[in-house]
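Undergrad: To start, I am sharing the structure in question, which I have written as structure tokens.
Computed from the coordinates by the stated procedures, all read-outs in this text should not be read as laboratory data. This is a predicted model, so every value here is computed, not measured. Using ideal geometry, Cβ is built from the backbone for each residue, glycine included, and neighbour counts are taken over all protein chains shown.
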Amino acid sequence: MKHLLYLLLFVPFFGMSQNNLGSADDRDRIAIDVLVPPQVEDIPDQAQVLLENKLMEVAVRNGLGGSGPSPRFVLTAKMAVITKDITPTVPPMEAYTFQIYLYIVDVVDQIVVSTSTISSKGAGTNKNKAYLTGLRSINMNNAELERFMKTGKQKIIEYYNSRCDFVIAKAKALQSQNKFQAAIAALSGIPEVCKDCYMKSMQEIGPIYKDYIDHDCQIFTNMASSIWASNPTAAGAADAGKVLCLIDPDSKCYPETKGLIAKMEQKVQKDEIRDWKFMERVWGDNVALEKLRIKAYRDIGVAFGNNQQPTYNNILWVFRR
């Protein structure tokens, strides 16, 4: 069973200089995933779910929570049996000593950025109960786990601070291939705490987003025109209008839609006309438009990231080391 959790701390932002880790609050603004591959150990299903919940608890206790667009960094773990004994009791109990290995990893470059090990013991009338007991006994609020998370966050910040130009260059390469969503996702995944790199990325996202909406505008306009041509009725106009609403008014071909809308307006019911005119008023408001555009950057990155999550195979290399 695959459980993914995007984790992003929402805390006030205080500026920091390049390659400077800044304040403790700043360091927390990092997006990571939680993923435990079932192939690593013969862990009972209930225990695997509990292990993932424990990882989420580690993240929350260290000030993480929310959502983020980047699937690059992952918090993961494996659970190993060190000893197993059968107790001479009635009924007999299975008693285990476990080692739980925690990792924060970069799944793209396949680099471990932080590690930690926890020992625990568990006993039960069967294997599943013993695993669950062992996991429940772990104290997730301890100095070692805090160090583990802190080190991981520092390494992630150092990655973006030291490789900012590379990340931006890769995004531009994706832009040249019309892979606009991937480019925007790469840039929008840069944490705000990496202030200089983050500001550079925001400067680059604008032109990429412009290319993206210009590219989609022509596609949506052609699609709406085709819908209207095949069904020049009020219903067809409504269907075409739904496509036209996807067009950003700042795109190059947006003026072309005005003529198409004018042809269809007389076919559309009054409430649909009102909806269109309302949208036109919203797009005419520069402040509202800018807010929507900034939100669009983020939404594109999140949507792309949701479809590009690390798979079990992406993470198994950690456990074969």
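Undergrad: Would you mind calculating the gained length between residue 60 and residue 85 on full extension (0.36 nm times residue separation, minus the Cα-Cα distance), in nm to one decimal? Could you put the intermediate results ahead of the total?
TA: Details: separation 25, 0.36 × 25 = 9.00 nm, distance 3.43 nm.
Answer, rounded to one decimal: 5.6 nm.
Undergrad: Moving to a separate point now. If you take the square roots of the eigenvalues of the alpha-carbon gyration tensor of the range 97-246 and sort them as a ≥ b ≥ c, do you get rounded (a/c under 1.5), prolate (a/b over b/c) or oblate? If you can, show how the numbers build up before the last one.
TA: Details: a/c = 4.15, a/b = 1.84, b/c = 2.26.
Since a/c reaches 1.5 but b/c is at least a/b, the shape of the range 97-246 is classed as oblate.
Undergrad: So which of 78/153; 170/258; 195/252; 121/150 end up more than 28 Å apart by C-alpha? Intermediate values should be presented prior to the final figure.
TA: Numbers: 78/153 20 Å; 170/258 36 Å; 195/252 31 Å; 121/150 26 Å.
Long pairs (Cα-Cα over 28 Å): 170/258; 195/252.
Undergrad: If you don't mind, another one. Between residue 162 and residue 219, what FRET efficiency comes out of the Förster formula 1/(1 + (r/R0)^6) with R0 = 30 Å and r the beta carbon distance, rounded to 0.05? Display every interim value, and only then the final one.
TA: Details: r = 38 Å, r/R0 = 1.27.
The calculated FRET efficiency here is 0.20.
Undergrad: Sorted by packing (mean other beta-carbon atoms within 10 Å per residue), highest first, where do 159-171, 87-99 land? Spell out each step's value before the answer.
TA: Values: 159-171: 17.0, 87-99: 13.6.
Peptide ranking by packing, descending: 159-171, 87-99.
Undergrad: Using a ≥ b ≥ c from the Cα gyration tensor of the range 101-173 (square roots of the eigenvalues), is it rounded, prolate or oblate, where a/c under 1.5 gives rounded and otherwise the larger of a/b and b/c decides, a/b for prolate?
TA: Working: a/c = 5.01, a/b = 2.56, b/c = 1.96.
Because a/c hits 1.5 or more and a/b exceeds b/c, the range 101-173 counts as prolate.
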